[in-house]
1. Condition first: of a type outside the set (Gly, Ala, Ser), part of a strand (DSSP E or B) and either open to solvent by 20 Å² or more (accessible area, probe 1.4 Å) or farther than 18 Å from VAL132 by Cβ (or both). Now tell me which residues in the range 143-186 satisfy that.
2. Of all the residues that make up the range 123-138, how many are outside any helix (DSSP H, G or I), open to solvent by 20 Å² or more (accessible area, probe 1.4 Å) and under 21 Å from SER75 (Cβ atoms)?
3. What is the number of the single condition among (1) at pLDDT 95 or above; (2) of a type in the set (Ser, Thr, Tyr); (3) more than 12 Å from the chain's Cα centre (by Cα) that TYR60 does not meet?
4. Determine which member of the set THR118, THR110, THR105 is of a type in the set (Ser, Thr, Tyr), over 19 Å from ILE180 (Cα atoms) and under 16 Å from the mean Cα position of the chain (by Cα).
5. Sort out which residues of the range 111-130 are modelled with pLDDT of 95 or more and in contact with an Asp or Glu (Cβ under 8 Å, 6 or more places away or on another chain), and write them in order of number.
6. Go over the candidates PRO32, PRO21, PRO76 one by one and state the one that is in contact with a Gly (Cβ under 9 Å, 6 or more places away or on another chain) and at pLDDT 95 or above.
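The values are calculated or read from the model by the stated rules, or taken from the named source; none is laboratory data. Nothing here was measured: the structure is a model prediction, and the numbers come from that model. Glycine gets a Cβ as well: all are built from the backbone with ideal geometry, and neighbour counts include every protein chain shown. What goes into the accessible areas is simple: the full protein's heavy atoms, side chains included, and nothing from ligands, DNA or RNA. Shrake-Rupley method; radii C 1.70, N 1.55, O 1.52, S 1.80 Å.
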Amino acid sequence: MSNTSIGIAHCAVRRRREDSPVVYMGISGYEPSFLTGIAAIRQAHESRLATLVGRRLTRYALVRFIEDGNWFADSPVVLDFDGLQVEVCHSKLDELSIGWNTIDTAATMTGWEWLELTPQWSHYDERLERFVGQELRGGALLEWRPVERDLAAGMVMVEFAFTEGCLRIINGLDENRIEIGAAQPD
């Protein structure tokens, strides 16, 4: 295996830690740490997620393509709670990375010259807009446990419960998906 690999599906340039800078999906400074399993994710992030309770969602960011406005769902969903930024990104069928204050959504994304689409940070999404200004009442890490085994069994999603509604960032089978409302019983 070489020191550098390029993954077209995720537009990634990855280098060993001693080689710098790390660029992932053209997002300078973003170094996802993908974990699997509810126990590992809780151990790494549950206490920090709890510090968000009582804060208001002040802004958010998603990557969209300039040419068509489509959301690039492989990129992290960035939520800012009164200056404490959480960055959620799913990968594969069961990996979740939760980052903290590493992404500058004002910075230009690079490394996409090979593609005929130009990504940029967007601060508008009708699903998320309704939560801006709302206080976070609680959060949870939820594990998908279907009655019958399926490919997504064991994947972990992040739920944010606001004054007026719930938002979940879930694994959409190798990309992020946003759900609003009550979680499914499974």
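1. GLU143, VAL156, MET157, GLU159, CYS166, ILE170, ASN171, ASN176, ARG177, GLU179, ILE180
2. 3
3. That leaves (3) as the condition not met.
4. Sole residue among the options that is of a type in the set (Ser, Thr, Tyr), over 19 Å from ILE180 (Cα atoms) and under 16 Å from the mean Cα position of the chain (by Cα): THR105.
5. Correct list: ARG130 only.
6. Result of the check over PRO32, PRO21, PRO76: PRO76.
Matching residues to (1) surrounded by fewer than 18 Cβ atoms within 10 Å (Cβ to Cβ); (2) under 22 Å from MET109 (Cα atoms):
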{"site": "LEU57", "(1), (2)": "no, no"}
{"site": "ALA61", "(1), (2)": "no, yes"}
{"site": "ASP82", "(1), (2)": "yes, no"}
{"site": "GLN85", "(1), (2)": "no, yes"}
{"site": "HIS90", "(1), (2)": "no, yes"}
{"site": "LEU93", "(1), (2)": "yes, no"}
